[in-house]
1. Mind checking whether some residue in segment 61-84 is assigned to a helix (DSSP H, G or I), at pLDDT 85 or above and closer than 18 Å to A7 by Cα?
2. Restricted to segment 43-60, and to residues that are polar (S, T, N, Q) and at pLDDT 85 or above, which residue is surrounded by the fewest Cβ atoms within 10 Å (Cβ to Cβ)?
3. Just give me the residues in segment 30-57 being assigned to a helix (DSSP H, G or I) and within 18 Å of A106 (Cβ to Cβ), in sequence order.
4. Look at segment 29-58 and say how many of its residues are farther than 13 Å from L85 by Cβ and basic (K, R).
5. Of everything in segment 8-42, what is surrounded by 15 or more Cβ atoms within 10 Å (Cβ to Cβ) and among the β-branched types (V, I, T)? Give them in sequence order.
6. Tell me whether segment 16-24 contains one or more residues that are among the basic types (K, R) and modelled with pLDDT under 90.
Amino acid sequence: MRSGVCALQQTLTVGAASVLKQSLGLAQRRGHTQLTPLHVVATLLSLRGSSLRRACLKSQPHQTSHHPLQCRALELCFNVALNRLQTTPSPLIHTQPSLSNALIAALKRA
């Protein structure tokens, strides 16, 4: 599936390809066999300048200050969800995760 990831990265913008690469790293570090939309969203929330993080901070227009704890709470929720994903035994951690069907479908729609 490595060639599929490389081919996909060539069709994305530089920023999107960078997020995908960081998401792959996250999935690999956690020992997950597949890269899911959950990994991508968790990566986007962790990046300081991402549009998702900015939208999260602006989601409460009635508040005068944008509190970073809103994003932190979401990060914790996604971390719990990532912890629940199935992991592989340690010898397989060094293999690159494949793209999940859900992520492929989401990228095709985007």
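1. No, that holds for no residue.
2. S51
3. Result: P37, L38, H39, V40, V41, A42, T43, L44, L45, S51, L52, A55.
4. 4
5. V19, T33, T36, V40, V41
6. Checked segment 16-24: no residue is among the basic types (K, R) and modelled with pLDDT under 90.
The values are calculated or read from the model by the stated rules, or taken from the named source; none is laboratory data. Being a predicted model, the structure only gives us computed values, none of them experimental. Backbone-built Cβ (ideal geometry, glycine too); neighbour counts: all protein chains shown.
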